[in-house]
1. So is residue 41 part of a loop (DSSP other than H, G, I, E, B) and in contact (Cβ under 8 Å) with a residue 40 or more places away in the chain or not?
2. Say we look at segment 44-77 and pick out the residues that are part of a strand (DSSP E or B) and under 10 Å from the mean Cα position of the chain (by Cα); which of these is surrounded by the fewest Cβ atoms within 10 Å (Cβ to Cβ)?
3. All but one of (1) more than 11 Å from the chain's Cα centre (by Cα); (2) surrounded by fewer than 19 Cβ atoms within 10 Å (Cβ to Cβ) hold for residue 18; which doesn't?
4. State whether the residues of segment 50-63 include one that is free of Cβ contacts under 8 Å to residues at least 40 places away in the same chain and touching a helix residue (DSSP H, G or I) at 6+ places or on another chain (Cβ under 9 Å).
5. Modelled with pLDDT of 95 or more, surrounded by 13 or more Cβ atoms within 10 Å (Cβ to Cβ), over 21 Å from residue 73 (Cα atoms) and touching a strand residue (DSSP E or B) at 6+ places or on another chain (Cβ under 6 Å): is that true of residue 10 in this structure?
């Protein structure tokens, strides 16, 4: 069982008009502010896949930003899943 300080892994599929609008840059900037590692990756179907690892509270804050009206573009849906951190990520990159 993980404690509040143990790193976790957030996988979020972001739906909407989120490609070509600075969404990945926005996500990277917010993640780096929170000290998270991971990536934001454009998908062929128009979604953006966000994978981030770090403390649960920081991941929940990132998820809140992804769902907020303050993101570039238009987010229609965010589907998230949670897992134990794998520790295989460094930095936060746009792909």
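The values are calculated or read from the model by the stated rules, or taken from the named source; none is laboratory data. This is a predicted model, so every value here is computed, not measured. Because the Cβ atoms are built from the backbone with ideal geometry, glycine has one as well, and the counts that use them run over all protein chains shown.
1. Considered against the rule, which asks whether it is part of a loop (DSSP other than H, G, I, E, B) and in contact (Cβ under 8 Å) with a residue 40 or more places away in the chain, residue 41 comes out as no.
2. Looking at residues that are part of a strand (DSSP E or B) and under 10 Å from the mean Cα position of the chain (by Cα), I get 49.
3. (2)
4. yes
5. The answer is yes for residue 10.
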